[in-house]
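For reference, the structure discussed in these notes is given below.
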Amino acid sequence: MIPELPATMSAEILLKENAELRMRVACLEERCRELEEKVGKNSQNSSKPPSSDGYQKPCKNSNSPDHSDDLSADKGTDPSDEKPNPKSLRQSSGNKAGGKKGHQGTCLKQVDIPDYIEYLPVKECNKCQASLLDSEPVKYIERQVFEPGRPGEFEVTAHRAEVKICTCGCRNQAEFPEGVTAAAQYGSATQAMAVYLNQYHFLPFKRVSEYFNTLYKMSVSAGTVANFVARTYENLASTEEVIRDALRESSVAGADETGMRAEGSLHWLHVMRDEQWTLYYLSEKRGREAMDTMGILLTFAGVLVHDHWKSYFAYAATHVLCNAHHLRELLGVVDRDSNQLALRLMKLLRLSWHYCKGFKTIGMLQMPSVVCERIEKIYDRLLQRALMKEVVYMEKQREELKRKKVKNTKAYNLFKRLTEFKAETLRFMSDFTIPFDNNGSERDVRMAKLKQKISGCFRSADGGSMFARIRSYLSSARKQGMEAKFPLMVGGSFNSCRYSGIKQKY
C-alpha cells in the first residue's frame, strides 16, 4: 500500500510536476517548430539546391497551397508527403514558347575566301562510261564545311565538285564526301565536340554554344547543338543493339536503378553493366515491366548482382546480393542499437572478402572448402544469436505495450534476410569472378545523378532517352580504353566509325 500524503503536500507535488511538464511541453513545441521549418524547406522556398528535393512529386491537388490540406484530407492523403507546387517569381508574358512571328532568323553562310579547297573531279560518264578527264567542266558546285581551328579562329574547307557534260548529252556531277550535304555546314569534328561536351561533360546547350563562340568565334546556336545530339542518338541505334546483345551473353553482370525527373514526373533510369559494357534505359516504371522492355533480363542466364530489389528475383538468373548494402544496413543497426553481433557480422564479411582477394592473387579460383565452411559456420551462429536477441526484445515490447503483436524491428528483418539469402550473400566465396558488391553499377549510375544535379530534370522523355543511349555508348567505349577517341566517334555524321571500335571488340 502506498501511504497517503497530506492534502497540502500532495497539491504542492502536483503543482511542481505540472510546472515541469508545462516547461517540457514548451521545449518540445519549440523543437517541433524548428524541425517543421527544416523539413518544410525546399528549392522553391529557400536557397536549398533542387537536388535536395528528393523524389517527392509536386502537389497536383490544387494550385493554391492554402487549400492543399483540405483537398488532401478529402482524398485520404497526407499533404506532408507531397512537394508543394513550384512558385516562380517570374511573371508570365502570355506568349507561346519558341520564335515569334516576324522573327529574323539566321543561318550559316559561305565565306568568300575559304582556308582550304578540295576539287572533286569527274573521271567518266555515268551513262556511257566514256572518259571525261580531258573535258572542261561547265561549272563547279561548292559546299563549305566549318571546323574549329587554332584558338580564336575557325577553318573552312570548300569542296568543289566538277560538273561536266558528256558527248552523249549526259550531265555528270562529282560526288561530295559522306556527310557533306549542305551549301554551308558544320563538320563532323564540330558535331562530335558539341555532343561530347554536352553528353559527357554535361555542359548545357547554351554553354556549349558559348564555348564555340569564345574559343573559335563560331556561331553554333543552342538549337544546332540539340540537333547534333538528336542526330547522334539516331546514329547510335545499331550500337545500342550491339551493347544489348553483348550483355545478354555476359557471364557476370550488375543491375541497378535510380530516380530521374523527366517531364515533371518521376522516372527511373535502369542500368545493366559488366566490365566491358553499359546500357542505360529510362522508363516511367521501376519494376519488372521496365526491366522486360529493356530487353536483357528475359534471356539473361548468367550471374546477376543487385541490391535485393524484389523485381530482380522474377528472372531465371543466378542471383548475388550486394554486400556493400548489407554493410551499410549493419552499420545502421550498430549505430541505433549498439548491437555487437551486427558489428561482428560486418567484420566477418570484410574478412571473407579480404581472404578472397588474397587467394585470388595466388591464382586460385575459389576459396578453400575448409576456410569457406568455417566462415559459413560463424556466419550461421552470429545470425542465430542476433535473431534470438531481436525476438526477445520484441517479446518484451509486446508485453510492455500489452499487444498481441508488435512490428518487427529493422534489425530483425535484416538478420532474417541474411539468413534466408545466405547463398546469394556468400556466393562470392565460391567463384572469384563474382564481385563482393554491386559498386560497379552504382559507379555507372553516379554520372547520371550528376547530370540530374546540373540540369534538374529532362524537359522531355525524349531528352532522357537520348542521354541514356549516348551515355551507354560513351561508358562502354571508356571501359574498353577508347576515351581518347570520344570526340571523334560521337559525331553525328560519322556513320562509318561511330561504333566500329566497339563492334570489332564484340
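The values are calculated or read from the model by the stated rules, or taken from the named source; none is laboratory data. These numbers come from a predicted model, not from an experiment. Please note: Cβ atoms are built from the backbone with ideal geometry, for glycine as well, and neighbour counts cover all protein chains shown. All accessible areas refer to the heavy atoms of the entire protein, side chains included, with ligands and DNA or RNA removed. Shrake-Rupley method; radii C 1.70, N 1.55, O 1.52, S 1.80 Å.
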Computed over the chain, the convex hull of the Cα set has an average projected area, in nm², of 41.3
Per residue, how large is the accessible surface of the range 240-358? Use a 1.4 angstrom probe and give square angstrom. 42
Ordering S47, S476 from largest to smallest accessible area (1.4 angstrom probe), what's the sequence? S47, S476
Could you tell me the accessible area of E118 in Å² (1.4 Å probe, neighbours in place), rounded to the nearest ten? 90
Expected output is a single nm value to one decimal: the length gained when fully extending between N18 and T167, i.e. 0.36 nm times separation in residues minus the C-alpha distance. What is it? 42.1 nm
Skipping prolines and chain starts, which residues have an amide H placed within reach, meaning under 5 Å, of the one on F458, given they are 5 or more residues away or on another chain? R261, A262, E263
Just to verify a number: what accessible area does D53 come out at with the full protein assembly present, 1.4 Å probe, Å² rounded to tens? 20
In range of the label at R288: residues from the range 235-264 whose backbone nitrogen is under 20 Å from the point 7 Å along Cα→Cβ: 255-258
Suppose each label sits 7 Å from its Cα in the direction of the beta carbon; what would the L298-F202 distance come out to in nanometres? 3.3
J(HN,Hα) series, the range 135-142, from Karplus relation 6.51 cos²θ - 1.76 cosθ + 1.60, nearest Hz, glycine and proline x: 7, 7, x, 7, 6, 10, 10, 10
Towards the positive end of the charge dipole of the chain, with charges on Cβ (+1 Lys, Arg; -1 Asp, Glu), say which of G102, V242, A184 has the farthest Cα. V242
Determine the sum of side-chain charges near C125: Lys and Arg each +1, Asp and Glu each -1, restricted to other residues whose C-beta is under 10 angstrom from that of C125. +3
In degrees, nearest 10, the alpha-carbon axis of helix 222-235 is tilted away from the dominant principal axis of the alpha carbons of the chain by 90
In the range 150-185, whose amide N lies under 14 Å from the spot 7 Å out along Cα-to-Cβ of K123? List them in ranges. 174-175
Going by alpha carbons, how many degrees (0 to 90, nearest 10) lie between the helix axis of 439-455 and the longest principal axis of the chain? 70
Between the range 134-201 and the range 337-399, what is the C-alpha centre distance in whole Å? 67
Counting Lys and Arg as +1 and Asp and Glu as -1, what is the net charge of the other residues whose Cβ lies under 14 Å from the Cβ of L28? -1
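Find the accessible area per residue for the range 113-201; the probe is 1.4 Å, ligands and nucleic acids are left out, and the unit is Å².
Details: 4880 Å² over 89 residues.
Using a 1.4 Å probe on heavy atoms only, each residue of the range 113-201 averages 55 Å².
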Dividing the Cα radius of gyration by the Kirkwood radius, what Rg/Rh value follows for the range 363-446? 1.15
XL table K422/K453; K347/K416; K377/K416; K38/K206; Cα-Cα > 28 Å flagged, in table order, is K422/K453; K38/K206
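Checking the a/c ratio against 1.5 first, then a/b against b/c, what shape does the Cα gyration tensor give for the range 253-410?
Values: a/c = 2.42, a/b = 1.21, b/c = 1.99.
Here the range 253-410 falls in the oblate category.
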So how far apart, in nm, are the two label points at A324 and S135 if each is 7 Å from Cα heading toward Cβ? 6.7
Any residue on another chain or 5+ positions along whose placed amide H is under 5 Å from the amide H of V122 is listed here as E162
Sparse-neighbourhood loop sites, trypsin sites (Lys or Arg not before Pro) in the range 183-255 - DSSP loop, at most 14 other Cβ within 10 angstrom: K217
At 7 Å along Cα-to-Cβ for each site, give me the label-to-label distance between A314 and S47 in nm. 4.6
Expressed in whole Å with the largest first, what are the equivalent ellipsoid semi-axes of the range 176-278 derived from the C-alpha gyration tensor as the square root of 5 times each eigenvalue? 31, 19, 12
Relative to the first principal axis of the alpha-carbon coordinates of the chain, what is the inclination of helix 205-216, with its axis defined by its Cα atoms, in degrees from 0 to 90 and to the nearest 10? 50
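Once the Cβ-Cβ distance between V370 and A461 is put in as r, and R0 is 45 Å, what FRET efficiency do you end up with, to the nearest 0.05?
E(calc), rounded to 0.05, equals 0.25.
Using the crude model of +1 on Lys and Arg Cβ and -1 on Asp and Glu Cβ, and no other charge, please compute the dipole size for the chain relative to its Cα centre, in debye to 20. Walk me through the intermediate numbers first.
Details: 76 positive and 63 negative charges, 115 e Å.
The calculated dipole for the chain is roughly 560 debye.
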Structure shown: which of K48/K396; K48/K479; K285/K360; K101/K217; K310/K357; K360/K479 lie over 32 Å apart, alpha-carbon to alpha-carbon? K48/K396; K48/K479; K285/K360
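Within the chain, what whole-number % of the accessible surface is contributed by carbon and sulfur, with the 1.4 Å probe and all protein chains included in the calculation? Spell out each step's value before the answer.
Numbers: 15890 of 30670 Å².
Using a 1.4 Å probe with all protein chains present, the chain comes out at 52 percent carbon and sulfur.
Starting from the Cα gyration tensor of the range 232-305, multiply each eigenvalue by 5, take the square root, and state the resulting semi-axes largest first in whole Å.
Values for the range 232-305, descending: 21, 16, 10 Å.
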